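Heads up, the thing below is written out as structure tokens.
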Amino acid sequence: MRIGIVCYPTFGGSGVVATELGKELATKGHEIHFITYSQPVRLDFFSENISYHEVEVSRYPLFEYIPYESALTSKLIDVVKYEQLDLLHVHYAIPHASAAYFAKQILAEKGISLPFITTLHGTDITLVGRDASYEPVVTFAINHSDAVTSVSESLKRDTLENFAVTKEIDVIPNFIDLRRFSKKPKDHFRKAIAPHGEKLIVHTSNFRKVKRVQDVVRVFQRVRKQIPAKLLLIGDGPERVEIEKLCRELDICDDARFLGKQEAIEELLSVSDLFIMPSESESFGLAALEAMACQVPVITTNTGGMPELNVNGETGFMSDVGDVEDMAANAMKILSDDDTLAAFKKRALARARLFDINEILPQYESVYRRTLQCETAGT
Ligand code: GMT
């Protein structure tokens, strides 16, 4: 199939899922066209089946706000027409689904059919999409997508509860490439970061409010009182300054390191003992799955799609949002002795294997085939 993939090109989960999906579809022989405003961060290799089309937005003094959606729509029309795409798969509803809908209408006038699939990722529904400034457009674009998928049962429920959506939603969970995300022999990293055998606690995110990174710091401060430990904070974002301030207030700066945005995240996960994801809301928690694949147990909240990934007491523990005492107590249970830690690590990996990309990718291919059949049958 010739498939156009529209996504955000950044480190965010939806862009990562879209890029990894496109890469794997390409290795299976599909022709993949990424369409976005800059090279996706995970699009880091050459494949004869992958092309990248940049959406260029011309600036004009009149535009206080750049009309990205119009530029994206025009680009979609161009790529679909000249690359003869069979379908579009858009990741994150805003503004990708409405741009795809508009492109579809314009192409129909030219006698070109363009089915499009929308994958809902999380904040496009739970946070941003519900805002009155976007809701009517999101609802319309979801209902007029040719197929809709969501990355967890929880996100599907949220969508049906908060939007007047009548379209069927297929749940296809996020996935992991176990060739890349596996425990790597990186002991020299561990020696450099934790020279005295300290336990390594890790967090990765975009440091937005919804991630509650300050809770990671609070949990770490409690754990460190009992167990020698170091904290790795990976990523960057708007809360960074506040998080640094809290580290200073709690006097843990000597044991906490801010590593910024990292590409080879699997190498750092490989030497970590525990991952903390205290998010306010998380439709799936891809970063936790990446950790589990590298044999790192996870402490998460029990919101959103987390219970579909993290098995309480087996692959880690779940707590209520903000309950840092409970998170710290659970962290200490996992880290208290080597046998317990080893058992959690083993079970985390076993659970991650259920989300192997090779199991999940055929589910997307099946949605593509079904969508194309409906389009051909005119239903
Ligand atoms: O977590 C973020 O803020 C990024 C966001 C995105 O859309 O890029 O992530 C969402 O999509 C990921 C991939 O499907 C999910 O694993 C994350 O749980 C989800 N984030 C939230 O729901 C907050």
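The values are calculated or read from the model by the stated rules, or taken from the named source; none is laboratory data. Values in this document were obtained by computation on a predicted structure and should not be read as measured data. Note that we place each Cβ from the backbone using ideal geometry, even for glycine, and neighbour counts take in every protein chain shown. Just the protein is used for accessible areas: all its heavy atoms, side chains included, with ligands, DNA and RNA removed. Shrake-Rupley method; radii C 1.70, N 1.55, O 1.52, S 1.80 Å.
Do we have K81 as within 16 Å of the ligand (Cβ to nearest atom) and touching a residue at least 24 places away in the same chain (Cβ under 8 Å) here? Here the answer is no, as K81 does not meet what is asked. Contact annotation: residue pairs with Cβ atoms under 6 Å, 6 or more positions apart or on different chains, pairing a residue in segment 304-316 that is of a type in the set (G, A, S) with a partner that is in a loop (DSSP other than H, G, I, E, B) and more than 16 Å from the ligand (Cβ to nearest atom), are G316/P297.
Can you work out which of the residues in segment 104-127 that are at pLDDT below 95 and of a type in the set (V, I, T) is least open to solvent (accessible area, probe 1.4 Å)? Filtering segment 104-127 for residues that are at pLDDT below 95 and of a type in the set (V, I, T), the one least open to solvent (accessible area, probe 1.4 Å) comes out as I125.
Given the structure, is I5 away from the ligand (no atom under 16 Å from the Cβ) and β-branched (V, I, T)? In short, no. Scan D170, D158 and give me the residue that is within 23 Å of A18 (Cβ to Cβ), within 22 Å of the chain's Cα centre (by Cα) and part of a strand (DSSP E or B). One residue alone meets the criteria, D170.
Here S182 passes the criteria (1) touching a Cys at 6+ places or on another chain (Cβ under 8 Å); (2) in a strand (DSSP E or B) except the one numbered (2).
Please specify each residue of segment 340-365 satisfying the condition of being part of a helix (DSSP H, G or I), of a type in the set (A, V, I, L, M, F, W, C) and open to solvent by less than 40 Å² (accessible area, probe 1.4 Å). Within segment 340-365, L341, A343, F344, A348, L349, A352, I357, I360, L361 qualify. Within segment 21-49, restricting attention to residues that are charged (D, E, K, R) and open to solvent by 50 Å² or more (accessible area, probe 1.4 Å), the residue that is farthest from P173 (Cα to Cα) is E48. Would you be able to say whether some residue in segment 322-333 is at pLDDT 95 or above, over 16 Å from I234 (Cβ atoms), within 14 Å of the ligand (Cβ to nearest atom) and not hydroxyl-bearing (S, T, Y)? No, every residue in segment 322-333 fails to be at pLDDT 95 or above, over 16 Å from I234 (Cβ atoms), within 14 Å of the ligand (Cβ to nearest atom) and not hydroxyl-bearing (S, T, Y).
Condition test on E267, is it open to solvent by 20 Å² or more (accessible area, probe 1.4 Å), assigned to a loop (DSSP other than H, G, I, E, B), in the same structural domain as N330 (by TED's automatic domain parsing) and under 26 Å from V41 (Cβ atoms)? In short, no.
For segment 300-321, which residues satisfy the criterion of being of a type outside the set (S, T, N, Q) and either part of a strand (DSSP E or B) or within 16 Å of the ligand (Cβ to nearest atom) (or both)? Listed by number, the residues that qualify are G304, G305, M306, P307, E308, L309, G316, F317, M318, V321. Count of segment 128-156 residues, restricted to those that are out of contact with any helix residue (DSSP H, G or I) (no Cβ under 8 Å at 6 or more places or on another chain) and either of a type in the set (A, V, I, L, M, F, W, C) or crowded, with 17+ Cβ neighbours inside 10 Å (or both), is 3. Only residues that are within 13 Å of the ligand (Cβ to nearest atom), within 17 Å of A328 (Cβ to Cβ) and open to solvent by less than 40 Å² (accessible area, probe 1.4 Å) were counted across segment 200-240, and they come to 2.
Would you check which residues across segment 84-103 are within 13 Å of the ligand (Cβ to nearest atom), open to solvent by less than 10 Å² (accessible area, probe 1.4 Å) and not small (G, A, S) and list them? Correct list: V90, H91, H96.
If we keep just the residues of segment 10-49 that are closer than 26 Å to S70 by Cα and among the polar types (S, T, N, Q), which is nearest to the ligand (Cβ to nearest atom)? First the steps, then the outcome.
Looking only at segment 10-49, we keep the residues that are closer than 26 Å to S70 by Cα, and these are 10-19, 21-22, 31-43.
Retained after the next criterion (residues that are among the polar types (S, T, N, Q)): 10, 14, 19, 36, 38-39.
Details: T10: 7, S14: 3, T19: 11, T36: 13, S38: 15, Q39: 17 Å.
By that ranking, first place goes to S14.
If the condition is being in a loop (DSSP other than H, G, I, E, B) and either acidic (D, E) or more than 8 Å from the ligand (Cβ to nearest atom) (or both), then segment 270-299 contributes S270, V271, S272, D273, P278, E280, E282, C294, Q295, V296, P297. Scan segment 291-305 and tell me whether some residue there is surrounded by fewer than 17 Cβ atoms within 10 Å (Cβ to Cβ) and assigned by TED's automatic domain parsing to the domain that holds E244. Yes, that holds for at least one residue.
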